[in-house]
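Quick note: the coordinates plus some simple rules give every number you see, no bench work behind them. Everything numeric in this text was worked out from a predicted model, so none of it was measured. Cβ placement follows ideal geometry from the backbone for every residue including glycine, while neighbour counts extend to all protein chains displayed.
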Amino acid sequence: MEEILKIEHLVKDFGTNKVLKDIDFSVYKGDVISIIGSSGSGKSTLLRCINMLEDATDGSILYHGKDILKGGVNEDAYRTRVGMVFQSFNLFNNYTVLENCIIGQRYALKRSKEEAREKAMMYLKRVGMDQYINAKPRQLSGGQKQRVAIARALAMDPEVLLFDEPTSALDPEMVGEVLDVMSDLAKTGMTMLVVTHEMAFARDVSSRVIFMSDGKIEEEGSPDEIFQNPKSERTKEFLSRFTNG
Amino acid sequence: MTLAEMNFFQRMLYILERYSGSLLRGAATTMAIAILCTALGCVIGFAVGLVQTIEPQKKDGAVKRGILKVIKFILNIYVEVFRGTPMMLQAAFIYYGASSLFNINLGMWTAAIIIVSVNTGAYMAETVRGGILSVDPGQKEGARAIGLTQSQSMLLVILPQALRNVMPQIGNNLIINIKDTCVLSIIGTVELFFTFRSISGALYTYFEAATITMAIYFILTFACSRILRWVESKMDGPSNFDLATTDMLAFTSGMTKYDEKKGGTH
């Protein structure tokens, strides 16, 4: 299996607060990795470090063997290959749905107008938002916004998609539509790294689960291993809150 | 009938008959200076405001950081000085200062345009800085996360939204400029206020001339404020949007007509 990302000894401090302590793991092509853990365990920070939205304090993030933290890769070009979907959607408020999906292709990938439009329409159709191309983000519901955000990220044809708690800001009835889109995406072989609180998604859709606690990877394994046979006490305790409550 | 024998309305009519040409010319001058200088002021304000919001990057060296710091400091002085002193004095200072210190004759028009633009720019700089800071930081992260560069994110995503945020303040500045160009009469610019002083000086009809001039100022400012409101609503786009139904699959059921003779369910 082709290794896309390799994270080694990753450390992130915010002042004296150590948020990530020595994180190690790899992302292979076709992986769907769910990162679970309680709030404050460093899950989102890890994702933001991988997308270079935060500067890691120490360690390395190898993208196809080149360290992105040591300037081995052009930052902007790297981000077109490693897409990100945010908890708060971050759709561009000044553009329509279609323009949101086109702008990155036009300016970062220098695609032609026609090609960009075609790609955008294809992915908007896939997430079921092709009827809303003329709408502005403020006219959409949360679930619709997140689907557009996923289409926007997909339109760049990334190698890996990072999802930072994509359903945490949604009303319960809208969570399903976004998870459906993500499950379909996983089936197409997209490489995904998902920080989530949706245990059903982590158990049923992902190929690997990482449980984070206190800035460290406490346990890593297949969904069955983590959910049926957790080894660490902390994992057991965390999961029991979901199964019993 | 002499002026003294006329009543208020007759005197107003008399002024309008004799001076409508100069009043219109004065109003046109006032509007031209106000619009041009607000536009130039916005350009200055956006440039200065933009620089003020630049954060040093982690990879920038000490030299780059130092230069940025110095530029920011100079711009701060500019903003504080021009906001903190009366424009009337700035006009006198620049116009007379240029000729006596540097022996440059700026010319009344150049001086007028420089003074009002630079003054507006100082106010706009702070407004634009606020406008940029009030755009949700998530917008920038969204732009950077799909691979847009720092400047592309700024130009395509942040600035258009910041411009929308500061539109009410641009309108405000235009209206202030329409009224405040009257201080340019100190360097002899023949604008609306200068016309008022000439008329009232010639005829000794202060009350009537002031009434007419005030009415003209009000018409100008009111028209501008309405036009800018309209521009703002245009920028927001329609509150409704069309669903895209050009997809032929969506037409299949609606396009066929019911045929009475043949019957059928459709």
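Positive end of the charge dipole of the range A:185-245 (Lys, Arg +1 and Asp, Glu -1 on Cβ, about the Cα centre): tell me which of A:194, A:209, A:226 has its Cα farthest that way.
Going by the Cα projections, it comes out as A:194.
I need two numbers for chain A: Rg to one decimal and Dmax as a whole number, Cα atoms only, in Å.
Cα radius of gyration and Dmax of chain A are 17.9, 55 Å respectively.
May I ask for the net charge around residue B:137, where only other residues with Cβ less than 12 Å from the Cβ of residue B:137 are counted and Lys, Arg are +1 while Asp, Glu are -1?
Taking every other residue near residue B:137 into account, the sum is -1.
Distance in nm between label sites at residue B:63 and residue B:222, each 7 Å beyond Cα in the beta-carbon direction?
Simple spin-label model gives 6.0 nm for this pair.
Can you pull the mean other chain C-beta count within 10 Å for peptide A:93-104?
Per residue, the average neighbour count from other chains is 4.
Under a Cβ-only charge scheme (Lys and Arg +1, Asp and Glu -1), can you give me the dipole magnitude of chain A about the Cα centre, in debye to the nearest 20?
Around 760 debye, computed over chain A.
Go ahead and set up a Gaussian network model of chain A, Cα springs under 10 Å, then flag whichever of A:15, A:104, A:72 fluctuates most.
It is A:15.
Could you tell me how far the Cα centroid of the range A:187-245 sits from the Cα centroid of the range A:52-71, in Å?
25
Normalised by the residues of chain A, what does the relative contact order come to in percent, with Cα pairs under 8 Å and at least six apart?
26
Note down the nm distance, to one decimal, between modelled labels 7 Å out along Cα→Cβ at residue B:71 and at residue A:233.
Those two pseudo-labels are separated by 5.7 nm.
If we count every other residue with Cβ under 14 angstrom of residue A:203's Cβ, Lys/Arg +1 and Asp/Glu -1, where does the sum land?
On the way: positive: A:208; negative: A:198, A:204, A:224, A:225.
Here the count lands on -3.
What average number of partner chain Cβ atoms lie no more than 10 Å from the Cβ of the residues making up A:43-52?
1
Counting only other residues whose beta carbon sits under 10 Å from that of residue A:232, what net charge do I get with K and R as +1, D and E as -1? Please report the intermediate quantities before stating the final value.
Details: positive: A:231, A:234, A:236; negative: A:218, A:219, A:233, A:237.
It works out to a net charge of -1.
Express in nm, to one decimal, how much length is gained between residue B:47 and residue B:110 on full extension, taking 0.36 nm for each residue of separation and deducting their alpha carbon distance.
20.6 nm
Of the residues B:117, B:134, B:233, which exhibits the maximal mean-square fluctuation in a Gaussian network model of chain B defined by a 10 Å Cα contact cut-off?
Between B:117, B:134, B:233, it is B:233 that shows the largest mean-square fluctuation.
Averaged across orientations, what area in nm² does the convex hull of the alpha carbons in the protein assembly as shown project?
40.0
Hey, can you grab everything whose amide H is under 5 Å from the amide H of residue A:59? Only 5+ residues off in sequence or another chain; H modelled, so Pro and N-termini drop out.
The answer is A:11.
Using all Cα-Cα distances in the range A:33-109, what percent lands in each 5 angstrom bin from 0 up to the longest?
3, 12, 20, 21, 17, 15, 9, 3
Can you compute the modelled spin-label distance between residue B:151 and residue A:77, with each label point 7 Å from Cα toward Cβ, in nm?
1.9
Roughly how many Å is it from the Cα centre of the range B:131-170 to that of the range A:96-139, as a whole number?
One Cα centre to the other: 19 Å.
For chain B, modelled as a GNM with alpha-carbon contacts under 10 angstrom, which of B:19, B:123, B:95 fluctuates the most?
B:19
Packing-wise, with mean Cβ within 10 Å as the measure, how do A:193-203, B:72-82, A:146-156, B:98-108 rank, highest first?
A:146-156, A:193-203, B:72-82, B:98-108
Amide H to amide H under 5 Å from residue A:212: which residues, 5+ apart in sequence or cross-chain, H placed 1.01 Å off N in plane?
A:36, A:37, A:218
Using modelled amide H (1.01 Å from N, peptide plane; none on Pro or chain starts), what sits under 5 Å from the amide H of residue A:4, excluding residues fewer than 5 places away?
Counting only residues 5 or more places away or on other chains, the set is A:27, A:28, A:29.
In whole angstrom, note down how far apart the Cα centers of the range B:87-126 and the range B:176-218 are.
When both Cα centres are located, 21 Å separates them.
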